[in-house]
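The values are calculated or read from the model by the stated rules, or taken from the named source; none is laboratory data. A quick note: this is a predicted structure, and the numbers were derived from the prediction, not measured. Backbone-built Cβ (ideal geometry, glycine too); neighbour counts: all protein chains shown.
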Amino acid sequence: MKKAWSGRFKQGTDRKLEQFSESVSYDQRLALYDLRSGLAHIETLCRNRIIGRADAAKIKKGLNRIEGEIREGKFRFRPEREDVHMNIEARLFELIGEAAGKLHTGRSRNDLVVNDERLWLKDQLRGMDGLLRELIGELAKQAEKHLGLIMPGFTHTRAAQPILFSHWLLAYAEMLLRDRERFGEVYQRTDLCPLGSGALAGSNYGLDRTFLAKSLGFKGITQNSLDAVSDRDFLIEFVSAGSILMLHLSRLCEELVWLSRDEFGFFELSESLCTGSSMMPNKKNPDSAELVRGKSGRVFGDLVSLLAMMKGTPLAYNRDFQEDKEAVFDCADTLKSSLEIARLLIAGLRPDREAMLRSCRSGFILATDLADYLVKKGMGFRQAHQAVGRLVRSCEETGKRFEDLSLKEFQAASGNFGKDVLKLLSLEASIKAKSGPGGTAAGEVRKQIKRVKALVKK
Ligand code: ARG
């Protein structure tokens, strides 16, 4: 088959190169964006009197027909036609004949491909924002439903201080809100139309680029043709923000795995999101959460692929750039499915109050509150820390908990302990005292739930 660019060639393309260089097996995902770009381009050519109405009408009709074929799954993408752009153009020739030759006036695949990618990414980002909002909304919903449940917070994976389960949930909401912001910023820089940049130097036809951009729904146009055809920052930024999001989901899932295991049992994961073992009849495994954690690695890999692919490419377009697509498609697909699974996991969480309280009983998690108590009685914090440390040590030696100690035993560690210390020894009092902004006291957490719920409405 004759290639669109075969004019200067004597020899045909090696079969091996055809297979090696085709991208239509995956860039066909851009087909509808390519058609939209084509229609807007034709309209602009017509408006700027570069092609006539009759040809424009023919081309539009052809493009619309191709759209129908694609939507119905009838379009045959052929690898020997290289990429999605050439497949569409070749089909246009089959449908309308010679007039098809005018579609590519004043444009290049170099500005076209990046235009299609920008349109695609804008849609993806909008979809991603919706999924993020749903997940954040679910976290806020659970936080509201279970406000009051107390669990140990950890540092170094060791019980540290009591916190509200809702506070823990909202920590993840906070991360995801930052992810939303990041995606929003990526959207702003993606929302620029590169068409009219041509292969690298601009176009000879005096195309109305602003009209073209507007008709494709872009907020503005790119400013330097060399940069426009060789810029993939917007994709790298997307995968980079996506990597951070996956990192958050991975941490969340790690905690879901960890804190739902028998030894903790802080919550039960929905059975519909767990799987069994082929050999051990007893198993209910948290595969969904593990897979999200595992898939974060793929997305980090996508980011490294893009960075390594771009590094060292001179201006302007280089065929290396074709390698951007599988990485960004994989990233988008993985983010979407992971966000959906994470939402289901959160929606299906059934927390176990008793198990959380049981866990609060170990690890002397009120020790810091005791030290703070001594500070209020006039001691320096370091001295108070030492005194409570001694108390912990003696409890460990005698197998006692703070609650088992008599006032006398407290006073053996520090004369500053008074009767009121026994009142202080409660998880509720510890939580209640953390009433400053960002703390785990119920009033503060309630405020945060309200704030998060309002943010996801926008
Ligand atoms: N399939 C190509 C890509 O994705 C389209 C641009 C091809 N341009 C070229 N000069 N060969 O990058």
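A few comments on the model shown:
- Verdict on Leu259 being within 25 Å of the chain's Cα centre (by Cα), under 24 Å from Leu131 (Cα atoms) and buried (at least 16 other Cβ atoms within 10 Å of the Cβ): no
- The stretch 77-124 - residue that is in contact with a Lys or Arg (Cβ under 9 Å, 6 or more places away or on another chain) and of a type in the set (Asp, Glu) and, of those, farthest from Asp227 (Cα to Cα): Glu80
- A single entry from Ser277, Ser243 fulfils the requirement of being more than 16 Å from the ligand (Cβ to nearest atom), small (Gly, Ala, Ser) and not in a loop (DSSP other than H, G, I, E, B): Ser243.
- Pairs where the first residue, in the stretch 316-341, is without any contact (Cβ under 8 Å) to a residue 12 or more places away in the chain and the second is within 16 Å of the ligand (Cβ to nearest atom), C-beta under 7 Å, 6+ apart: Asp320/Met309; Asp320/Thr313
- Filter result for the condition that a residue is out of contact with any Cys (no Cβ under 8 Å at 6 or more places or on another chain) and surrounded by 15 or more Cβ atoms within 10 Å (Cβ to Cβ), over Ser240, Ser272: Ser240
- Total residues in the stretch 309-324 satisfying the condition of being within 12 Å of the ligand (Cβ to nearest atom), within 27 Å of the chain's Cα centre (by Cα) and aliphatic (A, V, I, L, M): the figure is 1.
- Within the stretch 396-419, tally of residues that are in contact (Cβ under 8 Å) with a residue 12 or more places away in the chain and closer than 23 Å to Ile163 by Cα: 3
- For the stretch 367-458, the helices (runs of 4 or more DSSP H) that sit wholly inside it and include 3 or more residues that are among the aliphatic types (A, V, I, L, M) and within 30 Å of Gly130 (Cα to Cα) are 442-457.
- Matching residues in the stretch 295-315 - criterion: being crowded, with 19+ Cβ neighbours inside 10 Å and either charged (D, E, K, R) or closer than 15 Å to Asp233 by Cβ (or both): Lys295, Asp302, Leu303, Leu306, Met310
- Scanning the stretch 6-36 for residues that are within 15 Å of the ligand (Cβ to nearest atom), among the charged types (D, E, K, R) and not in a helix (DSSP H, G or I) yields one hit, Glu22.
- Residues (in a helix (DSSP H, G or I), of a type in the set (Asp, Glu) and away from the ligand (no atom under 16 Å from the Cβ)) located in the stretch 325-364: Asp333, Glu340, Glu354
- Set Gly148, Gly217: member being in a loop (DSSP other than H, G, I, E, B), of a type outside the set (Lys, Arg) and under 25 Å from the mean Cα position of the chain (by Cα): Gly217
- Some residue of the stretch 296-306 being of a type in the set (Val, Ile, Thr), within 16 Å of the ligand (Cβ to nearest atom), touching a helix residue (DSSP H, G or I) at 6+ places or on another chain (Cβ under 9 Å) and modelled with pLDDT of 95 or more: no
- For the stretch 1-51, a tally of residues being surrounded by fewer than 18 Cβ atoms within 10 Å (Cβ to Cβ), among the aliphatic types (A, V, I, L, M), under 13 Å from Arg81 (Cβ atoms) and within 36 Å of the chain's Cα centre (by Cα) returns 0.
- Filtering the stretch 96-140 to residues that are in a helix (DSSP H, G or I) and small (Gly, Ala, Ser) leaves Gly97, Ala99, Ala100, Gly101, Gly127, Gly130, Gly137, Ala140.
- When the test is whether a residue is under 30 Å from Gln142 (Cβ atoms) and free of Cβ contacts under 8 Å to residues at least 60 places away in the same chain, Arg350 does not pass it.
- Enumeration of residues in the stretch 37-95 that are away from the ligand (no atom under 16 Å from the Cβ), in contact (Cβ under 8 Å) with a residue 12 or more places away in the chain and not in a helix (DSSP H, G or I): Asn48, Ile50, Ile51, Phe75
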